[in-house]
Each structure stands twice: as C-alpha cells, then as structure tokens.
Amino acid sequence: MQKMNQKISATLCIIFAMLAALLAAAGCIDTERGDQGEEILVAVTLPPQEEMVREIGGDRVNVFVLVPPGSDPHTYEPRPAIVEQAARADIYLTVGTGLFPVEDVLASRLKTMNPDLDVVDSSRGISYLVEPDEPDDDDHAAPGSLVNHAETSGHSHGGPDPHVWLSLRNAAVMAGNIRDALIRADPGYAEVYHANHDRYTARIRDLDQNITAAFSRDNPGIILVTHPAWGYFARDYGFTVVSIGQEGKEPTAKDLESLILLAREHGIRVVFAEAQESTRGAETIAREIGGTVMVIDPLSPDYLVNMEKVAAAFAGA
Ligand SMILES: [Zn+2]
C-alpha cells in the first residue's frame, strides 16, 4: 500500500513538473499584457530613451526603439511592420510631442490601433530652448558674427530645440516622467520603479556634477559642430556651440567661409561631426584651420557613458 502511494506520488510529481514546464514555456511565448506579472512593453522614439526605460523598469519592461541606431530621427519614417509591433505596446514614450514630426504621426496612428496605449511626452516639465524664427534662405551674418550663429542652433522653423535628451538635467526630468508612466501601467511594482529611478538619477546627478567641475576648469569657449544638437548641453555647462549645418542642410560656401574665419579667430582646432550626417563641411573647415574632425554620437544607446565621452571630448577641444 505504501509502495503504491509512493509510486502514485512519484507519478504526480512528474505530472506536476511537466505542467509547470508547460506553463513556464507558455509564459515565455505569451505576449499579452496584463497585471499578472507580464512584462510591460514600452515603445520609445530614440535609442538613448531605451537606457532610461531599462534602468528604471528593470526586468519588468521590454523596450522597443522606433528609430533604429544610424537613422536620422528628423527624417525617419518607420516601416509598417515596426508600427504594428509598436502598437502592441502599453506605453509610447515620445521625446517630446511636437518636436519630431514622426512622433505626432506615430502617436495618432498607434493610438487608433491600440486605444489603451498610454502616449507619454517624456520631456514634459523641461524648459525648451527656443530657436529664433529665421527665413529659410537666411543670409548668414558677417564672418565671425558669433551671436548670430550661436543663437541659431539650426532648425529654421523657430520652434523648440528638439534635442532635449542631450542634457543630463533634462534627462533627470525625463526619468521622472518615465517612472510615473511605468507606475501608472504597473502600480504593483511602484516601489521597484521608485528605487530604480532614484538610483539612476543619482548617477545622472553625479555625472552632471563631474562635467560641471571639468568645464569650470577647462571651458572650451566655443565648440564647432556639424549638427545643431548640443544647445542644451552647452547651456548646462556655459559654453557656446556653433553649428556648421542646419538641420538636414549642407552648409553653403559662404557659411563655410565665415566659419573658417570664426574658427581661426577663436583658435578652434577640432570640428565635431556626427555619424548620422555628412562630414564634408567639417572636413573642409578642419583642413583650412589645420585641425581635426572628431565624430560624436547624439543617439548612442549607452546614454550616460556616451554623455561622459562627449563631455571629455568637448572639454579637451
Ligand atoms: Zn537634430
């Protein structure tokens, strides 16, 4: 009798183990969201947002980037398959509503496909740098006219500068918005999101303090870039950034000429170009001033590491 019982319980054990394995496998395949412990699917526009969501969401989130590395977010149009995948998300975190045209289009399409989708403006609460309104074919100011160039970060539409994530202080605001969105979607894990957020923003603050200290020792004064993406960064650390190109436009011969004069006048030796854009203008200027071209990346998925790297490159220039 006892032997029989043992045999039955052994069989039951095996059945239970098989059931458990089946359930686990089903859990892995199951992509339905819910509040029973499934992952929260978060769609983001740009790679740097991915790190923020991963750090704050931890194991609870699955992040999906809409604009892949190497693409230009100003002109990118996502393929239908990408839109379909994004429509399964619980949350869509935009960089900032209205800043990138693709985000408005996507947000409304995704919302139609999935009315439950929470569309969150991750830069809510950030004070935008606003670019002066300029005619499209503006006659650039006289050579060396620093103020004109410096105040023109390149978008000719006169709207807010969309490159909000390239400021650690803005990133701290974005982190708060991400935490709040995750808590809304998954309130049972609020404590985890709070703790992760606090840890991540402490790292942001530390790095911000280190960069502040570095720039108070070696302020580069003026940095020459090809893409007008670093206005917030320059504001944070008190230097001036001058952009060779306007958004999506090659500099004219006249632009180059005035920038060469400016660079000579201020002893600029490095021209910062970006992997996503043409480096031709940068190379022309570098050749003329006997300087070098250095490539930086505003869209690196290793956000904090990259910000540290760029800061070191600027400070060393
Ligand atoms: Zn841009």
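If we keep just the residues of region 174-217 that are of a type in the set (Asp, Glu) and over 17 Å from residue 307 (Cα atoms), which is surrounded by the fewest Cβ atoms within 10 Å (Cβ to Cβ)? Step through it out loud before you land on a result.
Residues of region 174-217 that are of a type in the set (Asp, Glu), as a first pass: 180, 186, 191, 198, 206, 208.
Retained after the next criterion (residues that are over 17 Å from residue 307 (Cα atoms)): 180, 186, 191, 198.
Values: 180: 15, 186: 22, 191: 9, 198: 12.
Ranking the qualifying residues of region 174-217, first place goes to 191.
Taken as a whole, region 122-132 holds no residue that is at pLDDT below 90, within 16 Å of the ligand (Cβ to nearest atom) and either part of a helix (DSSP H, G or I) or farther than 29 Å from residue 309 by Cβ (or both).
In region 192-210, the residues that are outside the structural domain of residue 308 (by TED's automatic domain parsing) reach residues that are surrounded by 13 or more Cβ atoms within 10 Å (Cβ to Cβ) and not in a helix (DSSP H, G or I) with C-beta atoms within less than 8 angstrom, at least six apart or across chains, in these pairs: 193/186.
Of all residues in region 243-269, those satisfying the criterion of being small (Gly, Ala, Ser), exposed (fewer than 14 other Cβ atoms within 10 Å of the Cβ) and more than 16 Å from the ligand (Cβ to nearest atom) are 253, 267. Selection within region 226-242: residues that are within 16 Å of the ligand (Cβ to nearest atom) and free of Cβ contacts under 8 Å to residues at least 60 places away in the same chain. The member of this set that is surrounded by the fewest Cβ atoms within 10 Å (Cβ to Cβ) is 234.
The values are calculated or read from the model by the stated rules, or taken from the named source; none is laboratory data. The model shown is predicted, which means the values in this text are computed figures rather than measured ones. All Cβ positions, even for glycine, are placed from backbone atoms using ideal geometry, and neighbour counts span all protein chains on display.
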